[in-house]
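Read through the structure below, which is laid out as structure tokens, and then see the notes.
Throughout, read-outs are computed from the coordinates displayed, never taken from laboratory work. Keep in mind that this is a model prediction, so the values were computed, not measured. Because the Cβ atoms are built from the backbone with ideal geometry, glycine has one as well, and the counts that use them run over all protein chains shown.
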Amino acid sequence: MANQLLAGKRGVIFGALDANSIAWKVAERCVEEGAKITLTNAPVALRMGEIQKLGEKLGAEVIPADATNLEDLEALFTKSQEVLGGKIDFVLHSIGMSLNVRKKKPYTGLKYEWMQKTFDISAISFHKVMQTLYNMDGMNDWGSILALTYIASQRVFPDYSEMAESKSLLESFARSFGYHYAKKNKVRVNTISQSPTMTTAGSGIKGFDDFFGYADKMSPLGNASAEACADYVIFMFSDLSKMITMQNLYHDGGFSNMGMAPEILE
Ligand SMILES: NC(=O)c1ccc[n+]([C@@H]2O[C@H](COP(=O)([O-])OP(=O)(O)OC[C@H]3O[C@@H](n4cnc5c(N)ncnc54)[C@H](O)[C@@H]3O)[C@@H](O)[C@H]2O)c1
């Protein structure tokens, strides 16, 4: 259901890889709500071709950018302002990748070169996105910047491996940069901590299918879907959430506050 909550706003959406991606659903909802957006992803992801189809469907320009590369980010935001016709009102950082997980290294045998790359892709890129926009004065006052995270940043989920530390860092960047951006432009910065979701990044985690079912039983409302996450993102991009900043916001059907669920024992 569309209410034109984002009418007149301009946004940049990182991380739509295929139709399962959380960013894909967010992009669709943003346009439904009246926003103009650009889509971006790493050049290697663009080669898969799926994102171009989304771009065509939504009338959104697709601009390649490796989120770890400052020159790419500057070019992305310059081009986005050009095609959208002004400064940016909202940004979604929906990026995650672990080299050690992908290469099946155990947590007690991580390769540090890969860990640094993981942190750069999954967390430091968020700081780079914000610093680039901050220094080019690319955000409108009262804009909204979001990144997606997972509760393994705060509690131990052994198979999440070094992505746990990536997400802790990501959430910390939201708090710290949130201070500076609030002071400069009243821009708010938050992270949304989403339920396990069946996507390429999600299902890369060992035992994901079983874990998905466990989390679903543990959450009184069940796992939050990607579509529900997109709705929450729309609220956070809209003017209805103007005074929310520097927060890690759980969007998880209640999982984060549960101790024990009788359903698991049955
Ligand atoms: N799926 C889950 O269970 C779940 C749960 C909580 C949070 N999240 C988070 O949601 C976000 C989106 O993931 P998703 O589940 O939609 O999976 P996804 O695989 O569809 O999205 C991850 C995206 O990161 C992009 N990416 C990787 N390296 C990049 C780079 N160098 N530059 C730019 N983009 C790059 C990929 O191309 C891909 O589009 C991630 O931050 C993920 O950690 C996912």
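Structure notes:
- In degrees, nearest ten, helix 22-32 long axis to first principal axis of the chain (Cα): 40
- With 0.36 nm allotted per residue and the present C-alpha distance subtracted, the Glu61-Leu221 stretch has 53.9 nm of extension available.
- Its Cα centre serving as origin, the range 16-265 has a Cβ charge dipole (Lys and Arg +1, Asp and Glu -1) of approximately 520 debye.
- Pairwise label distance in nanometres, Met258 with Phe235, each label 7 Å out on the Cα-Cβ vector: 2.0
- Comparing Pro64, Val83, Met48 along the charge dipole axis of the range 45-113, the residue lying farthest to the positive side is Met48, per the Cβ-charge model.
- Here the mean projected area of the convex hull built on the C-alpha positions of the range 62-174 is 7.6 nm².
- Cα→Cβ-extended label distance, 7 Å offset, between Ser172 and Lys79, nm: 3.3
- Cα long-axis angle, helix 208-218 against the chain (0 to 90 degrees, to the nearest 10): 90
- Note on Val44 and Lys103: the extension gain reaches 19.4 nm, defined as 0.36 nm multiplied by sequence separation minus the Cα-Cα distance.
- Cβ-based net charge around Glu33, under 15 Å, with every Lys or Arg adding one and every Asp or Glu removing one: -1
- Using alpha-carbon coordinates, inclination of helix 226-237 to the longest axis of the chain, degrees: 40
- Among residues other than Trp114 with Cβ under 10 Å from its Cβ, the summed charge is +3 (Lys and Arg +1, Asp and Glu -1).
- FRET efficiency estimate (nearest 0.05) - Cβ-Cβ, Leu70 to Glu113, R0 22 angstrom: 0.60
- Along the axis of the charge dipole computed for the chain (Cβ charges of +1 for Lys and Arg, -1 for Asp and Glu, origin at the Cα centre), the listed residues Thr149, Ser193, Leu133 are led at the positive end by Leu133.
- Equivalent-ellipsoid semi-axes for the chain (Cα gyration tensor, √(5λ), whole Å, largest first): 28, 21, 18.
- Diffusion coefficient, µm² s⁻¹, Stokes-Einstein with Kirkwood Rh over alpha-carbon pairs of the range 1-115 at 4 °C and 1.567 mPa s: 86
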